Structure formats: C-alpha cells, structure tokens
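Let me give you the structure first, and then I'll get to my questions.
The values are calculated or read from the model by the stated rules, or taken from the named source; none is laboratory data. Please read all numbers here as calculations on a predicted model, not as lab measurements. FYI the Cβ positions are ideal-geometry reconstructions off the backbone, even for glycines, and counts take in every protein chain you see. Surface accessibility is based on the protein's heavy atoms, side chains included, excluding ligands, DNA and RNA. Shrake-Rupley method; radii C 1.70, N 1.55, O 1.52, S 1.80 Å.
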Amino acid sequence: MDDLLQAALQPQALITLLVLALAIVLFISGWLAPELTGLLAAGLLMATGVLKPAEAVEGFGSTALVTLMGLFALSAGLFRSGAMDRLRAVIGSNAVRSPKRMITLMVAVVGPVSGFIPNTPIVATLLPVIEGWCHRHRIAPSKVLLPLSFATVLGGTLTLLGSSVNLLASDVSKKLGYGEFDLFSFTGIGLGVWLVGGTLMVVLADRFLPNRGVDDSSLIAGMSRSGYLTEVLIPRHSELLGQSLHNSRLQRRFDLDVLELHRGNERFLPPLADLSLAEGDRLLLRCNREELLRLQQERTVTLAPAKLDDGEVEAVDPASQLTVEVLLPSGSTLPGETLRDLRFRQRYNATVLALRRGNAVLRERLGRVVLRDGDVLLLQAPRDAIRGLQASNDLVVLEQLEKDLAYAGRKGIALVIAVLVILLPSLKLLPLVASVLLGTVAMVASGCLRPGDLQRSIRLDVILLLGSLASFSVALEKTGLATAIAKAMLLLVQGWPVFWALVAVFLFTTLLTEVMSNAATVALLIPIAAQLAEGLGQEPMGFIFAVLFGASQSFLSPVGYQTNLMVFGPGRYRFLDVARYGVPLTMTMTLLVPWLICRKFGI
C-alpha cells in the first residue's frame, strides 16, 4: 500500500488519477456521450503534460482501429447485398414454433455468426424478423428478444472479429509488450463459453423470462406501463365539443389514458373527467398501437403529433402512408434531442404518431420529449421514406417490408469475399488488417456496397471512443500507476490459488462493465491485470483474457451492453428482467471462464 500511495502522490500520477476519476464519473452518469468523455480525457492528459500528443492519439493509428473500420464496411456489404437473407429466413421460419426452440436456434446460428460480424447490425436486422415470428405464433416478444442479445454476446468472444472490445484489448496488449491476438487466439475459451452459456440460456428461458406483451389484452392491461405516448386535437365540428371527457366516454370507447389537456398556453392535469372540451384542445394520451390506429379513423379527434412552424397542424392522408415502428439504437445521433429540435418530419418525411420508452411513464408533450437510446417511435410515412429509413444508422425499422435490393445478384460475391477475409489470415497468408482492407475494397469494386454506404457504415462514435481510450492504458503504464495498483492488489490475493485470483479479476471487470463502457473497462484494467499476473508469477495473457471476457459477458442490466438496450423497448422488459435472466449466466461464467483459462495456460 505504501508503494501505491507513493506512486499516487507523484504529480503526473496524481493528475492521471484525477482525469481517470473524472472519466469514470462521466461514463457512469452519462452526462457526456462516451466518445466525448474519451476525447476529453485524452485532451486533458495531453494538456497537463502527462502524455505527449503522439502518445495520446496513437490509438487512432492502431491496426485494431483500422481493422474495425473495415469490419463495419464488410458487415454492411453482407447485409446490403442480401448475403444475410438466408439467416433472416432461418430465424423467421415457421418450422420453429416455441420460444425454447427459437432460443436454441439463435444460440446455434446467431452466436457463431456474431463471432465474425459486429453484433449490433445482427440484432438490428433480426429484430423485425423475430417480432414478426412472435406475432404469427402469438408468442410474447419478451420470451425471445433478450436471448437474441445474449446469443450475440456469447458469440462475440469466439474470434477476434466478434467485438470491437476484442480488437481494443488486442491493441492494448500489443502496446504493453505482451503481443497482439491472432484471429482465433481465444476461440478455445470462447467455444466453452458459447456452449455452456447457450445451454443455460435455453434451460433458464421458461422460468426466468417474463411473458409480457403476448396479445392485445395484456397490452391494454399493462397500458400504464407499456403504452405509447401521443397527442390528439379536437377539430372543428367534432361531436366532443362542449362535452366533458366523462360524458363523451372517449376513454371507455378507446381504452386509453388521458394524461393532460392543453388549451392555448394553459395546461390541465388530472382529474379531467368534468372538464368541457373545446375546439383546438390537444389531449396527451397513452394507449397501445391498435387503439392509436382506431383513433386515426375517428372523425371526432385528429392525431396531432407535431406542429408546423406557423403553428398549424399538418394534415396526413393515412391511405397513402404506412405505419411502422422504429428503434433508436445505441450509437444513433438522435438521442439527446427533441423531435421539434430535430425537425423530424422534414428530415425524414415521416410523422411521429407516438413514442414508447420501455415501461416508463412519459408525461411530456410529444414534441418536447428528449429522445433516448432504446426509444421506440411509431411513424407514419410513405413507403419510399420508410425504405430510406432502412438505410439509416440512426433508426432501426422494426417492420418487415419487401426489400429494395439495388445490389441484386451480389449475394454470392459478398459471401466469397467474407470467407476469404477470414481464411487468408487464418492460413497466415495475409495480416488480418490487410485482409480486411482488401475485402472492403472488393465489396465496393464488386458492387456489393456503394461508396456512400461505405461511409455511412462506419460508426464514428465507436472509432472516437476506442481511439481515445488507448491513452488510458498508456498513462497508467507511463506513470507507474498500473504497477503500483497491481502491487496493492497482490497483497490482497497473496496466497490465493491462481483460479480464485482470476475469478476476482473476471467478476470485478464484469461488475464495472455494467456501470461504464466495456471499452473503457478494458483500457483501464488490462495494464493492471497484466502487472498482477507478473507479480503472481503467472502468464499475463491469461489475466488479460479474464478482463476481455469479463468486459464482454454483460448480462446484468439493459445499459451494460448496446444490444441489451436495443431489445429492451421492443421486448417491453423491466430493468430487473435482464438481471433475473442474467444473474445465473454471470455466476456460471465467473467460474467457467477462469477454469477454461487455467486449462488453456496449464495453470
């Protein structure tokens, strides 16, 4: 402990601790976007002289980051060309008729695919397929959507390409002098995790997954928890004029909740039953999707989700429009803004009819609600506008429409390119980064991906985050903090069997990942874990793998991993639903992963 205190009191080490503490607070609070927090920390470490500019930004020139950018493009080429249509067809097959069989299929098929393709686009493309399957078979989406996310998480640790965190861990390991990972460096451990975790997911499904949202009656019964938020206008000549809500029986006829009434600049809150309605009144309602569509056909009220700049309500012709649900995924640029500030209708040629946020109760007017990751919007738009939304990285369309494949005939070419990208590095014929870059160029040259799609496919938020986080590891190592913290931890685990030391590292990493970015967790803990391994006289790579798998196995909260958040709203989950299903998985992995690491390294 004296060594840690002495190291921490050094000026540069103290500055580093303060910067990292600030970054952790920002990661946990969410006050700044994760990528902005990373950039802020890197900038402060440079400004205070802890790191030279070249040291702070060297992560942006790493082979791992270049590989990741190419991987985004390759996955986009596979999806845009229709090469993944077979996956959609298999998952949406009517031959699968029960949740348990669907979960088994997802573990067996989606898991391995996630080992080579980033899990976010996989979940985005399969969400509407699985929701359609649930609707056809009258099965609650909550029975299968969380397992979809978990299946991609398990598959993400099968190979180096399965997750951006894998690539970051490889880059940090290389910078620390322990060497970078090969494509299949940890596949032996990943296979065990996938097989045991997948089996446990199937076994736990019936008992630990909620049965929520299976039919209209359950939606209505739980309307106060999972309904849409929308607004209606009392138009001229409406039969409701002069009547009270109680006498009009509006709530009984449509089975909805009236949350507020707005009349000019006045705002009326419940109880509203005896308030007489007037022309131009706007009612803030909460109801389910079917009731919304019924409301739209009524002449007594008009759906009024937004206003034009002059204050008049724009008329919408339902006959020429489609109504679809869209999800705001992690990484979208829309969260943090309101629909009014975004000028959503002008931007996307789509009208927002309503908004749903998991099971949260929203009481703000629709145009003033600040959007968040995981929100589900009910949109009305022309078919061409919805097809345009399907190509957007900011929204995921949760409906199956016939595809507008401008890349027809390219499925086979895209698959061949993808196979070669994996095969050539496996045979040591090309470095992985070279194979990925050549594959990206081949996707564009062969017409599987358009140049514009290539640019849109690259997740700038992920690139900025991972590039800036490399400065964390460099600062910890340069200031001696990594060694000092490892020595302090060594006093705690001295005399422990190596297995239990690995358990402690894995569990601490997993818990930290649930409250902050898993990429930040990897950047912070790998230098410390590697030094701890050396202090114990063990192979550092084993402890690095413990951090890697701990940061990747996120099963305890919807905010711990981006795919968990993506399925949270559509599945109508509550916060504790994720933990209930995920705790047994986490406990199993806490013992399994260290055991597999010990077997791999002969500990």
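Could you give the nm distance between label points at Leu591 and Ala108, where each point is 7 Å from its Cα heading toward the beta carbon?
According to this spin-label approximation, the distance is 2.8 nm.
Residue separation times 0.36 nm, minus the C-alpha to C-alpha distance between Phe499 and Leu191: what's the value? Spell out each step's value before the answer.
Details: separation 308, 0.36 × 308 = 110.88 nm, distance 1.95 nm.
Working it through step by step, the gained length comes to 108.9 nm.
So, for the stretch 36-181, what is the accessible surface per residue at a probe of 1.4 Å, expressed in square angstrom?
On a per-residue basis, the stretch 36-181 sits at 30 Å².
Per DSSP helix of 4 or more residues, -39500 (n - 2.57); summed, then divided by the residues of the chain. What does that give at 222 nm, rounded to the nearest 500?
Computed mean residue ellipticity for the chain: -17000 deg cm²/dmol.
Charges at C-beta only: +1 for Lys and Arg, -1 for Asp and Glu. How large is the resulting dipole of the stretch 51-152 about its Cα centre, in Debye rounded to 20?
Roughly 640 debye for the stretch 51-152.
Here's a follow-up. Provide the per residue accessible area, probe 1.4 Å, for the stretch 455-512, rounded to a whole number of square angstrom.
About 42 Å² of surface per residue is accessible.
For Val397, enumerate residues with amide H under 5 Å from its amide H, sequence gap 5+ or separate chain, H modeled in the peptide plane.
Those qualifying (amide H under 5 Å, at least 5 residues apart or on another chain) are Leu327.
Looking at the calculated P(r) for the chain, what percent of the C-alpha pair distances fall above 36 Å?
Working: 74245 of 181503 pairs.
In whole percent, the share of Cα-Cα pairs in the chain beyond 36 Å is 41.
Let me make sure I get this right: for the stretch 377-523, a, b and c are the square roots of the gyration tensor eigenvalues over alpha carbons, sorted descending. Under 1.5 in a/c it's rounded, otherwise prolate if a/b > b/c, else oblate. Which is it?
Judged from the Cα gyration tensor, the stretch 377-523 comes out prolate (a/c at least 1.5, a/b above b/c).
Ok, one more. For the stretch 451-603, calculate the relative contact order in percent as a whole number, restricting contacts to Cα pairs under 8 Å that are 6 or more residues apart.
Worked out over the stretch 451-603, it gives 25 percent.
Largest first, how would Thr104, Thr323 line up by accessible area (1.4 Å probe)?
From most exposed to least exposed: Thr104, Thr323.
Using a/c under 1.5 as the rounded threshold, could you call the stretch 498-603 rounded, prolate or oblate? The axes a ≥ b ≥ c are square roots of the C-alpha gyration tensor eigenvalues, and prolate needs a/b larger than b/c, oblate otherwise.
Taking the square roots of the gyration eigenvalues as a ≥ b ≥ c, the stretch 498-603 is prolate.
From largest accessible area down, sort Arg387, Arg580, Arg345; use a 1.4 Å probe on the protein chains.
If we order Arg387, Arg580, Arg345 from most to least accessible, we get Arg580, Arg387, Arg345.
Counting pairs of alpha carbon atoms under 8 Å apart in space and at least six apart in sequence, what relative contact order in percent does the chain give?
22
In the calculated pair distance distribution of the stretch 464-544, what percentage of Cα-Cα distances lie above 14 Å?
That fraction is 61 percent.
Out of the GluC sites (Glu not before Pro) in the stretch 24-125, which ones are loop residues according to DSSP with at most 12 other C-beta atoms within 10 Å?
none
Counting only protein heavy atoms and a 1.4 Å probe, tell me what percentage of the stretch 400-531's accessible area is made up of carbon and sulfur.
Numbers: 4090 of 5720 Å².
Ligands and nucleic acids excluded, carbon and sulfur give 71 percent.
Using the Cα gyration tensor of the stretch 511-550, with a ≥ b ≥ c the square roots of its eigenvalues, what is the shape: rounded (a/c below 1.5), prolate (a/b larger than b/c) or oblate (neither)?
prolate
If you don't mind, there's one more thing I want to ask. What distance in nm separates the simple spin-label points at Leu427 and Ser29, each placed 7 Å from Cα in the Cβ direction?
Result for the modelled spin labels: 5.5 nm.
Quick one: net charge around Ile528, please, counting Lys, Arg +1 and Asp, Glu -1 for every other residue with C-beta under 12 Å from its C-beta. Could the numbers behind the result be given before it?
On the way: positive: Lys487; negative: Glu477, Glu534.
Local charge sum for Ile528: -1.
While we're on this one: Under 13 Å from a label point 7 Å along Cα→Cβ of Leu511: give me every residue in the stretch 528-572 with its amide N that close.
none
Could I ask something else about it? Find out how many positive minus negative residues lie around Tyr178, taking Lys and Arg as positive, Asp and Glu as negative, among other residues whose Cβ is under 12 Å from that of Tyr178. List each step's numbers first, then the result.
Values: positive: Lys174, Lys175; negative: Asp171, Glu180, Glu477, Glu534, Glu539.
Counting the neighbours of Tyr178, the net charge comes to -3.
Follow-up question, since we're still on this one. Sort Asp453, Asp373, Asp341 from largest to smallest accessible area, using a 1.4 Å probe on the heavy atoms of the protein chains.
Values: Asp453 5, Asp373 60, Asp341 105 Å².
Solvent-accessible surface, decreasing: Asp341, Asp373, Asp453.
Testing the spin-label approximation: label points 7 Å from Cα along Cα→Cβ at Leu322 and His135. State their distance in nm.
Distance between the two pseudo-spin positions: 1.1 nm.
Then there is this: If ligands, DNA and RNA are left out, what is the accessible area of Arg368 with a 1.4 Å probe, given in Å² to the nearest 10?
120
Please report the carbon-and-sulfur percent of the accessible area for the stretch 1-151; probe 1.4 Å, protein heavy atoms only, DNA, RNA and ligands left out.
Ligands and nucleic acids excluded, carbon and sulfur give 67 percent.
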